[in-house]
Amino acid sequence: MWSERYDRQLHDVFAIQDEVSRAIVAILQVRLLGSSQSTLVRPATTDLEAYTLYLKGRQLWNRRSVPDLLRSVDFLEQALARDPNYALAHAGLADSHALLGFYCVRRPVEAFGDAKRAALRARAIEPALAEARPALAYVAMYHDWDWEAAEREFRDAIRLNPGYATAHQWYGNFQSVLGRVEGALASFQRGVALDPLGAIRHAALGWGYYFARQYEQALDQCRRAIEIDPELPVAHHWLAHVREELGDWDTAEVAMRRTVELSARDGASLASLATTMARRGDREQEARALLAELDRLRQTSYVAAYDFAMTHAALGEIDVALDWLEQAYQERTHRMAFLRVDPRIDRLRDQPRFEALLRRMAFP
């Protein structure tokens, strides 16, 4: 019905958005409400450099490695230095801090606190901004353990922007940790449908199948994620866990070592490797060496107590594992949100201390 060519200077990029919108409206003969002279597309910022910095920050955020997440914070802060009222950049900064908390790069109170402050700033600037809400829900879910508030923010985000894939993906996370399998998978699948070339969407769907204990389907989604982005750490991470549950220990180890490599040997990936070594049964010595390395690392940087609990549980040290889970609760380690569904701690489930922790988490 319509085609046109637009050759403009880069500094005209915001005007082009409105111009193309008007051309589409004209050809479809849509009757607009209000003045026909009003702007159809309101740019989030008028500063082209801030916009460019925002895009760079978001691209790095999408790559999900720890070094890239730290760089994303830097770019987004630069964007906000140029335009302090750039609501989308505040929302992006909130998302980056939230993931630094999720990947255990920083202490929960610090990472999730910064995420909440940035998200609230974004919402204050632009109250109807859907992109500000998933980070608020993330904090409510993974740090505050306020399940009602988390669900409210997720639903508001989806209502305000039904096409925002991250909102659907993270709402899938929320439903997964609560054991709402059908709803979780539907949300993850909606995220994939909205962003089919996003490797993180397929990895997240694999994650959902993993916690639903549908391991063959999880395996398929993790493979798809790696096909799209071979260097996405989280895809290799969940692939390794799926392989563990299928009893394919050699392949699981390969995938987990790849995760450690892509994650710059950070504490979270080392802890998962330690658990893999402990669970396979013939690598106890290496598992204990990794625990010692993690203990040294914990002296200078954050390593989640929950990660120690997983490895000690795999080694059959039940009381030690439960001690670490108690500490994880005190730290407000985000991984405690997985307490109900995580297969790696199944051997703790018949313990009274574990049942008491479940009650304290007040899952709905």
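Just so it is clear, none of the values below were taken in a lab; they were calculated from the coordinates. Not measured: the values here are computed from a predicted model. Every residue, glycine among them, receives a Cβ derived from its backbone with ideal geometry; neighbour counts consider all protein chains shown.
Observations, loosely collected:
- Failed condition for Trp249, given (1) buried (at least 16 other Cβ atoms within 10 Å of the Cβ); (2) out of contact with any Leu (no Cβ under 8 Å at 6 or more places or on another chain); (3) under 29 Å from Pro108 (Cβ atoms): (3)
- Test set (1) on the phi < 0 side of the Ramachandran plot; (2) surrounded by 22 or more Cβ atoms within 10 Å (Cβ to Cβ) - Pro127 fails condition number: (2)
- First in the stretch 111-127 and part of a helix (DSSP H, G or I), second anywhere and of a type in the set (S, T, N, Q), Cβ under 6 Å, 6 or more apart: Ile125/Asn85
- The set of residues in the stretch 73-109 that are of a type outside the set (A, V, I, L, M, F, W, C) and either in contact with a Lys or Arg (Cβ under 7 Å, 6 or more places away or on another chain) or assigned to a loop (DSSP other than H, G, I, E, B) (or both) comprises Asp83, Pro84, Asn85, Tyr86, His90, Gly92, Tyr103, Arg106, Arg107, Pro108.
- Test: residue in the stretch 347-360 that is surrounded by fewer than 21 Cβ atoms within 10 Å (Cβ to Cβ), among the basic types (Lys, Arg), part of a loop (DSSP other than H, G, I, E, B) and touching a His at 6+ places or on another chain (Cβ under 7 Å): no
- If you go through the stretch 283-318 and keep only what is part of a helix (DSSP H, G or I), touching a residue at least 12 places away in the same chain (Cβ under 8 Å) and of a type in the set (Gly, Ala, Ser), you end up with Ala287, Ala305, Ala309, Ala313, Ala314.
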